[in-house]
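**Student:** Okay, here's the structure, questions in a sec.
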Amino acid sequence: MDLLSILKFSEEYLKKYSFSKPRLESEKIIAHVLKLDRISLYAYFDLELTEEQKTEIKSFLKEMARKRVEFSQLLKEKTTVEDIKSYQDENRELLRKSIEYLKNNNVADSRLDAEYIFAEVLGVTRATLTLNFHRKIKEEEKQKIREMLIERGKKKRPLQYILGEWEFFGLPFKVDERVLIPRADTEILVEQCKFILEQMENPKVLDIGTGSGAISITLGKIVPTAIVLGADISSDALAVAEKNKHLNKVNNVNFIKSDIFSNIIDKEYDLIVSNPPYIPQSEYETLMDEVKNHEPKGALTDSGDGYYFYKTISKEGKNHLKKGGYLAFEVGYNQAQEVAKFMENDGYDIVAIVKDYGNIERVVIGRKNGEK
């Protein structure tokens, strides 16, 4: 039962007991149970309530009918307005100090990270965090917040690993130190691949260096007619990818352990896509500690000049593509033109070089021309 349905039910129930403002009373009850501000209640009109929430609402309705009192009076018996204001002040101060702690530990997005941590511990969305500050934060919740703040501030562990899950292309992905954190730039690569695949009937896709499975799973989800295979040399990464496959309920995606093409048999792919390790070793040494000390090195750098995987995938990839098949890469900030040259020399026509939101050439797409 969604929010509007339970609201209508509550209103009709209170009408039978002659409450003068049944709609208003119903809104107050539901806003309290959902821990939302009454004014913002209708923004969640299609929210499905849990059985526990519905039971709590019915309990309030029955008690109001039995005692013939409005909800505010009933609530006052349980907690005073002064209590709520005290909780709000205390919780805002706790958030302020948490932001300050992260800032003092040189965390760039200190407010954003603190809000994500609070929302995770309190079991709410970041957007509705402060609306849920009317209740006391339990001591065990405060302790969990402290632990996560230390992980982020002192130990410089990435927020995404602390939360254990991150969004990519609107989908949830489990992430930990076994895999690279999905980034917004890679969404551009996925979007370009989507445009290509939507023009095909039952396209076959190979994702080299799949990691968390973000590219494979997202393409499988948004192009349901595609058949997708994600390959990675890391068994640990593949274990995470399998979890994400089940989390996102995709049936047209599979994974295989393979050192680039070593275990790839199929020669008839419509698209090969890859976001390979492309940071040169010299630049890897200068990365922020939270990246260098936590994200898997093998997913970031080829321990050379950053071009090893582009050269190998470009050269060997044409043996696994149909004539007219596509090869799509994500590239580093200064690599697009050089990668495009490799691809042209290997028999691809460059069909697109796409810039990211920072106006950096981020995606290179080639098409096998059949001449080499």
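**Student:** Using the Kirkwood radius over Cα pairs, work out the Stokes-Einstein diffusion coefficient for the range 3-78 at 4 °C and 1.567 mPa s, in µm²/s as a whole number.
**Tutor:** Details: Rh = 12.3 Å.
Approximately 105 µm²/s, per Stokes-Einstein.
**Student:** Could you give each residue of the range 234-241 its phi-based ³J(HN,Hα) in whole Hz, using Karplus coefficients 6.51, -1.76, 1.60 with θ = phi - 60°, and x for Gly or Pro?
**Tutor:** 8, 5, 5, 4, 5, 5, 5, 4
**Student:** When the Cα centres of the range 102-173 and the range 257-313 are compared, how far apart do they sit, in Å?
**Tutor:** 30
**Student:** Related question: Counting only Cα atoms, I'd like the Rg/Rh figure for the chain, Kirkwood definition for Rh. Walk me through the numbers before you get to the answer.
**Tutor:** On the way: Rg = 26.3 Å, Rh = 23.9 Å.
Result for the chain is an Rg/Rh of 1.10.
**Student:** Here's another thing I want to ask about it. How large, in Å, is the range 83-155 by the Kirkwood hydrodynamic radius built from its alpha-carbon pairs? Please report the intermediate quantities before stating the final value.
**Tutor:** On the way: mean 1/r = 0.0821 Å⁻¹.
One decimal place: 12.2 Å for the Kirkwood radius.
**Student:** Also, I was wondering about something else. Straight-line reach from Lys16: which lysines have a Cα under 16 Å away, not including same-chain ones fewer than 8 places off?
**Tutor:** Lys8, Lys58, Lys62, Lys67
**Student:** Run the helix sum for the chain: -39,500 (n - 2.57) per DSSP H stretch of 4+ residues, divided by residue count, reported at 222 nm to the nearest 500 deg cm²/dmol.
**Tutor:** -14500 deg cm²/dmol
**Student:** Moving to a separate point now. What list of ³J(HN,Hα) couplings, whole Hz, do you get for the range 305-316 from phi and the Karplus terms 6.51, -1.76, 1.60, once you set θ to phi - 60° and write x for glycine and proline?
**Tutor:** 8, x, 10, 4, 6, 4, 4, 5, 5, 5, 5, 7
**Student:** Quick query: amide H of Leu321 versus all other amide H atoms, modeled in the peptide plane; which residues come in under 5 Å with a sequence gap of 5 or more or a different chain?
**Tutor:** HN-HN under 5 Å from Leu321: Tyr269.
**Student:** Can you list the HN-Hα couplings for the range 155-172, worked out from phi with the Karplus curve (6.51, -1.76, 1.60; θ = phi - 60°), rounded to whole Hz and with x for Gly and Pro?
**Tutor:** So the J values, rounded to whole Hz, are 8, 6, 6, x, 3, 4, 6, 5, 6, x, 7, 9, 8, 9, 6, x, 10, x.
**Student:** Please give the FRET efficiency for Phe195 paired with Asn254, using the beta carbon to beta carbon distance and R0 = 25 Å, rounded to the nearest 0.05. Please report the intermediate quantities before stating the final value.
**Tutor:** On the way: r = 23 Å, r/R0 = 0.94.
Computed FRET efficiency for Phe195 and Asn254 comes out at 0.60.
**Student:** Skipping prolines and chain starts, which residues have an amide H placed within reach, meaning under 5 Å, of the one on Ile264, given they are 5 or more residues away or on another chain?
**Tutor:** Hits under the 5 Å cutoff: none.
**Student:** Of Arg157, Arg23, Arg68, how do they rank once you tally other Cβ atoms within 10 Å and put the fewest first?
**Tutor:** Details: Arg157 18, Arg23 14, Arg68 10.
Listing Arg157, Arg23, Arg68 from fewest to most nearby Cβ atoms yields Arg68, Arg23, Arg157.
**Student:** Still on this structure: Please give the contour-minus-distance gain from Ala65 to Lys103: 0.36 nm per residue of separation, less the Cα-Cα distance, rounded to one decimal in nm.
**Tutor:** Values: separation 38, 0.36 × 38 = 13.68 nm, distance 5.08 nm.
Value of the extension gain: 8.6 nm.
**Student:** Tilt of helix 51-67 relative to the longest C-alpha principal axis of the chain, in degrees (0 to 90, nearest 10)?
**Tutor:** 10
**Student:** So if R0 is 22 Å, what FRET efficiency would Lys355 and Ala184 give, r being the distance between their Cβ atoms, rounded to the nearest 0.05?
**Tutor:** 0.95
**Student:** For the range 225-329, what is the convex hull volume of the alpha-carbon atoms per residue, in Å³? Don't skip to the answer; put the middle values down first.
**Tutor:** Working: hull volume 12.0 nm³, N = 105.
Looking at the range 225-329, the number lands at 114 Å³ per residue.
**Student:** Residues with amide H under 5 Å of Lys204's amide H, sequence separation 5 or more or different chain, H placed in the peptide plane at 1.01 Å from N; which?
**Tutor:** Ile227, Asp270, Leu271
**Student:** What residues of the range 282-314 lie in the reach of a label at Asp236, counting those whose backbone N is under 15 Å from a point 7 Å from the Cα along Cα→Cβ?
**Tutor:** In the range 282-314, the label zone of Asp236 (backbone N under 15 Å from the point 7 Å along Cα→Cβ) covers 291-301.
**Student:** Follow-up question, since we're still on this one. Near His246, within a Cβ-to-Cβ distance under 15 Å, what is the net charge of the other residues, with Lys and Arg +1 and Asp and Glu -1?
**Tutor:** Numbers: positive: Lys174, Lys221, Lys243, Lys245, Lys249; negative: Glu165, Glu242.
Result for the neighbourhood of His246: +3.
Coordinate-derived values only; no laboratory data. Just so we're clear, the structure is a prediction, and the values are computed from it rather than from any experiment. Neighbour counts are summed over all protein chains in view; Cβ atoms, including those assigned to glycine, are modelled from backbone coordinates with ideal geometry.
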